[in-house]
1. Enter the per residue convex hull volume of segment 33-116, computed from alpha-carbon coordinates, in Å³ rounded to the nearest integer.
2. Please turn the phi angles of segment 64-77 into ³J(HN,Hα) values with the Karplus equation 6.51 cos²θ - 1.76 cosθ + 1.60 (θ = phi - 60°), one per residue in order, whole Hz, x for glycine and proline.
3. Rounded to whole Hz and in sequence order, give me ³J(HN,Hα) for segment 94-107 from the Karplus expression 6.51 cos²θ - 1.76 cosθ + 1.60, θ = phi - 60°, writing x for Gly and Pro.
4. How much length, in nm to one decimal, is gained on full extension between LYS60 and SER40, taken as 0.36 nm per residue of separation minus their Cα-Cα distance?
5. Taking the Cα centre as origin and putting +1 on Lys and Arg beta-carbons and -1 on Asp and Glu beta-carbons, what dipole magnitude results for segment 25-112, to the nearest 20 debye?
6. Please report the net charge: other residues with Cβ closer than 11 Å to the Cβ of LYS58, K and R +1, D and E -1.
Amino acid sequence: MLSRRWSHRIFAASAACFLLGASGFAQSASTDEGKRKVKSKTTPSYPELARRMNVTGKVKIEVVVTPDGHVKTTHVIGGHPLLVQACQDALKEWKFAPAPEESTQIVEFDFHGSGGN
């Protein structure tokens, strides 16, 4: 009975280490539902200073997309100043599906980490 309990604890500890290590310093992005589809996107790089300072959080940016799917302008709605520029630089490379007219939508990036390097 004792060995079964220990095997469960070892499994749980291993799973936790794997998940924490895999998340590291990661970024993810999401856009408004019901808006134009993203055809290609570039993930923002985690700024080195932000990584060293363990800065995490969300960055929200309003994007104006041209009819041919290119990003025309960006406007920061919120987020840590150390993370904002990386997001804006990445958004300049995004391509959206074509549409009959210019559109505006919100893109949200999530920077999270747990220690890391």
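Values in this text are rule-based calculations from the coordinates and carry no lab data. Quick caveat: nothing in here was measured; it's all calculated off a predicted structure. We place every Cβ from the backbone using ideal geometry, glycine too, and count neighbours over all the protein chains shown.
1. It comes to 85 Å³ per residue, whole-number rounded.
2. My calculation for segment 64-77 gives 9, 10, 6, x, 7, x, 8, 6, 8, 9, 10, 9, 6, 9 Hz in order.
3. 6, 10, 10, 5, x, 8, x, 8, 4, 9, 10, 8, 9, 10
4. Using 0.36 nm per residue and subtracting the Cα-Cα distance, I get 5.3 nm.
5. 200 debye
6. In short, -1.
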